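Enquirer: This is the structure I have questions about; it appears just below.
The values are calculated or read from the model by the stated rules, or taken from the named source; none is laboratory data. Given the structure is predicted, the values throughout are model-derived calculations rather than measurements. What goes into the accessible areas is simple: the full protein's heavy atoms, side chains included, and nothing from ligands, DNA or RNA. Shrake-Rupley method; radii C 1.70, N 1.55, O 1.52, S 1.80 Å.
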Amino acid sequence: MKFLEFPSLDILNKHLAFDTVDGQIVGRVEAYSCKSAGSDKKLYIQLESRYQEDLSSYSLSPDENLHLIISPFGPLNQPSSRKALFYLISTLNASFPDYDFSNLRSEQFCKLASPLYVINYINTTLLNMGRINIVHQLRFWDAVDEAIVVADCDVYSYDPDVDSDPYAEEGSIWSFNYFLFNRKLKRILFISFSGQRSQINSTTDSESELSELENDNRSPYAYDDMVMMHMDD
């Protein structure tokens, strides 16, 4: 996976780490091209080999092999479905280079019905954290839409167990990880947030800058309306 530079996302990421009453929030938004690098090709061969081994380990009974076919990405006997799983695992490997996610299974991911779920969930999270400024003044979803075209995306979540949680060692109390996958653009946008226990630090430069942005005009439209407008086209 190739990391893609977007200045608007860089600005967002500068404001997605901040202190709260209970600890610290660490968030990031990253865009990746699905173009495979050398290590990605090796991973793809590994995943394909594992799938074939799984098939050979079970009888050809449809009922017994059902779990080898059904997945959040579609039937795993279709190459395109296995490729989608590969893209998400490769994105995690690229975003957390100190971890190896190669052994993740398709059932550790979930496909969401609509991008609106992610939009509302993140907006609510930032509102509860007192950082709704990031949505309105920094135009969070405008920046995301520029990078990925949200209305054209399939949306997936990743809920790690203890052994596959990259935030576990940092004292995370909660976390969420979303993937916006635009098949037409062959691009993935990864949104990850973690709530961590920490001592409350002094006000950061980011918080001061956001306070100044309070006086600016908010986004000229609600993003939910924009997405629905795209969907109606």
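Enquirer: Can you list the HN-Hα couplings for segment 177-191, worked out from phi with the Karplus curve (6.51, -1.76, 1.60; θ = phi - 60°), rounded to whole Hz and with x for Gly and Pro?
Expert: Listing the rounded values in order: 9, 10, 10, 9, 10, 9, 5, 5, 7, 6, 9, 10, 10, 9, 10 Hz.
Enquirer: Here is a further query. Using θ = phi - 60° and the Karplus relation 6.51 cos²θ - 1.76 cosθ + 1.60, list the HN-Hα couplings for segment 76-87 in order, rounded to whole Hz, with x at every Gly or Pro.
Expert: Each residue of segment 76-87 in turn: 6, 7, 9, x, 5, 5, 5, 5, 4, 4, 4, 4 Hz.
Enquirer: Provide the solvent-accessible area of Lys83, counting protein heavy atoms only and rolling a 1.4 Å probe, rounded to the nearest 10 Å².
Expert: Accessible area, nearest 10 Å²: 70 Å².
Enquirer: Moving on. At a probe size of 1.4 Å, how large is the accessible area of His136, to the nearest 10 Å²?
Expert: Only protein atoms counted, so the area is about 40 Å².
Enquirer: Now, a different point. Could you put Asp154, Asp10 in order of accessible surface area, largest first, with the 1.4 Å probe and the full protein assembly present?
Expert: Asp10, Asp154
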